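The block underneath contains the structure these notes are about, expressed in structure tokens.
Please treat every number below as a calculation from the coordinates, not as lab data. The model shown is predicted, which means the values in this text are computed figures rather than measured ones. Because the Cβ atoms are built from the backbone with ideal geometry, glycine has one as well, and the counts that use them run over all protein chains shown.
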Amino acid sequence: MGKQVNKKRKVLLIIIIAILVLGAFLVYLLFNFENVPKQTVKKVDEIKGFNYHLEDRDTALYKKEFQNLKTNLESKEIDYEEYAKSIAKMFVIDLYTIDNKVNKYDIGSLEFVHPDAKENFELNAKDTLYKYVMDNSYNDRTQELPIVSSITINDFQTTTFKLKEEEIPSYEISLSWEYEKDLDYDTKALVTIVKKDKTLYVVQKADLKS
């Protein structure tokens, strides 16, 4: 009888020790997981009176175009044709520079898209261009993703665009761009831009054959 009690005590002691060891291991994993630095994005500049800002993760090419836009928009008289060209370039650069995005839900260029087109644009980007983007919250992604290295405006026209059954003035801008490394992404597009109040927005992007 005494041997059975001692045996049960030993089994119970082993179970308790196993639970304590497992608990300590889980606490260790949790502590180390929480202390892995997450990727953070910081705003480093903005344009007064407009919903445009610069982030620390933006590329040198994007930063250059941002400064051109800022100079124009903060001047006494805005040059809207140059404004449209800047928006078209920045839209493409931010959309197709995917390497600095955190995950498939971190869609570039949303600030440039017309409010009426933003939802469809975002859904489409998640299902196509950003569909296979791996998560990089903890800066451990090894996936190769595109970085736009240069961009050129090939054609610029003033025309009209039908929005909510109304024909409104618009700009059609044809662009081509290159990447730091060719990963078989788009290299040409036609971007349509319209004005709402004092702000210009992208309402349509049509891919062109390379």
Measure up LYS43/LYS188; LYS43/LYS104; LYS48/LYS181; LYS131/LYS162; LYS131/LYS196; LYS42/LYS209 against 27 Å on the Cα-Cα distance and list the ones that go over. LYS43/LYS188; LYS48/LYS181; LYS131/LYS162; LYS131/LYS196; LYS42/LYS209
Going by amide H atoms built from the backbone, whose H comes under 5 Å of the H on VAL113, apart from near neighbours? VAL202
Long-range amide H partners of SER170 with built H, under 5 Å: THR159, THR160, PHE161
The chain: mean projected area of Cα convex hull, nm²: 17.9
With eigenvalues of the C-alpha gyration tensor scaled by 5 and rooted, segment 149-210, Å: 26, 11, 10
I'd like the Kirkwood hydrodynamic radius of segment 85-202, using the inverse of the mean 1/r over distinct C-alpha pairs, in Å. 15.3
Would you mind telling me which residue in VAL194, VAL113, VAL44 has the biggest mean-square fluctuation in a Gaussian network model of the chain, where springs connect alpha carbons within a distance under 10 angstrom? VAL44
Potential lengthening between LEU22 and ASP45 on full extension [0.36 nm per residue; Cα-Cα distance subtracted]: 3.5 nm
Residue-ordered couplings for segment 153-161, obtained by feeding phi - 60° into the Karplus form 6.51 cos²θ - 1.76 cosθ + 1.60 and rounding to whole Hz (Gly and Pro as x), are 8, 9, 7, 9, 9, 9, 8, 10, 9
With n ≥ 4 as the cut-off for DSSP H runs, can you work out [θ] at 222 nm for the chain, using -39500 (n - 2.57) per run divided by the number of residues, rounded to the nearest 500? -12500 deg cm²/dmol
Selection from PHE156, VAL133, TYR179 lying farthest towards where the dipole of the chain points positive, charges on Cβ: VAL133
Filtered trypsin sites (Lys or Arg not before Pro), segment 89-149: DSSP coil and at most 15 other beta carbons within 10 Å: LYS131
Prolate/oblate/rounded call for segment 68-118, Cα gyration tensor, a/c under 1.5 rounded: prolate
